[in-house]
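The structure appears right after this line, and notes come after that.
The values are calculated or read from the model by the stated rules, or taken from the named source; none is laboratory data. If you're wondering where the values come from, they're calculated on a predicted model, not measured in any experiment. So basically every Cβ, Gly included, is an ideal-geometry build from the backbone, and we count neighbours across all protein chains shown.
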């Protein structure tokens, strides 16, 4: 919703998001060493907060990549992949750096809920990007802001690619393991596992929306109910 507002609001939004990032980082580190029931929820929400800053910085155009041009019509194979990677390179590096930082800050801590939540978000987002790049029937690219419309030229709309069943199969297996562990765990650990299972299940559902005839964008149109604006690229 914030990313759909006029550009003049972006500075305030990113400032508020950066404060939220600082609070989330503190919450993630502090809760990692707490085994209480509330710490599980704090850790989970803190991971979401860190991820939110990353997503907002991308959708607002602050952290994308060195390439902001559409994909050439004759680009195929590895050249197309290389060009596509250039459009999101800085964003991917931020995700990788954040992932390393989250793991390092919570290393050997008893409460790993936040760490695994972030890693699930990281892995499933990379999977979604690769599947959209390789080709799926439903791209839901209408959610992209106008300033990032050039990214749509790197998407491919076609039948299900070979990576899709692998992505869904492996993530479903992990989700099943999380569900089984949640049923046999004690109260606090069960709550953390249940949160991780739910997050992963939603990510799997997001993948299935790529092949379903009903676009998931319909779920989020309430957040885009603002006048559309054509923005110039950020300097």
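So for the range 122-129 (the condition being at pLDDT 95 or above and over 23 Å from residue 60 (Cβ atoms)), does at least one residue qualify?
Yes, the conditions are met somewhere in the range 122-129.
Return yes or no: is residue 32 touching a helix residue (DSSP H, G or I) at 6+ places or on another chain (Cβ under 6 Å) and surrounded by 21 or more Cβ atoms within 10 Å (Cβ to Cβ)? Before the answer, list the steps.
Working: touching a helix residue (DSSP H, G or I) at 6+ places or on another chain (Cβ under 6 Å): no; surrounded by 21 or more Cβ atoms within 10 Å (Cβ to Cβ): yes.
No: the conditions fail for residue 32.
So residue 147 passes all but one of these: (1) closer than 20 Å to residue 63 by Cβ; (2) modelled with pLDDT under 95; (3) in contact with a helix residue (DSSP H, G or I) (Cβ under 8 Å, 6 or more places away or on another chain); (4) crowded, with 17+ Cβ neighbours inside 10 Å. Which condition number does it fail?
Unmet for residue 147, out of (1) closer than 20 Å to residue 63 by Cβ; (2) modelled with pLDDT under 95; (3) in contact with a helix residue (DSSP H, G or I) (Cβ under 8 Å, 6 or more places away or on another chain); (4) crowded, with 17+ Cβ neighbours inside 10 Å: (3).
Identify the residue in the range 178-201 that is assigned to a helix (DSSP H, G or I) and exposed (fewer than 12 other Cβ atoms within 10 Å of the Cβ) and, among all such residues, is modelled with the lowest pLDDT. Even if it seems obvious, please write down each step before you answer.
Going through the range 178-201, the residues assigned to a helix (DSSP H, G or I) turn out to be 178-184, 187-201.
Pick out the ones that are also exposed (fewer than 12 other Cβ atoms within 10 Å of the Cβ) and you get 183-184, 187.
On the way: 183: 94, 184: 94, 187: 86.
Selected residue: 187.
Take the conditions closer than 21 Å to residue 69 by Cβ and in contact with a helix residue (DSSP H, G or I) (Cβ under 8 Å, 6 or more places away or on another chain) and apply them to residue 118. Does it pass? Working first, answer last.
Working: closer than 21 Å to residue 69 by Cβ: no; in contact with a helix residue (DSSP H, G or I) (Cβ under 8 Å, 6 or more places away or on another chain): yes.
No: the conditions fail for residue 118.
With the requirement that a residue be under 18 Å from the mean Cα position of the chain (by Cα) and assigned to a loop (DSSP other than H, G, I, E, B), what does the range 141-158 give you?
144, 145, 155, listed by residue number.
Name every residue in the range 131-140 that is buried (at least 16 other Cβ atoms within 10 Å of the Cβ) and either touching a residue at least 60 places away in the same chain (Cβ under 8 Å) or not in a loop (DSSP other than H, G, I, E, B) (or both), in order of residue number. Quick ask: steps written out before the conclusion?
Pass one, the range 131-140, residues buried (at least 16 other Cβ atoms within 10 Å of the Cβ): 131-136, 138-140.
Across the range 131-140, the qualifying residues are 131, 132, 133, 134, 136, 138, 139, 140.
Restricting to the range 159-176, name every residue that is more than 23 Å from residue 86 (Cα to Cα) and in a loop (DSSP other than H, G, I, E, B).
Scanning the range 159-176 gives 159, 160, 162.
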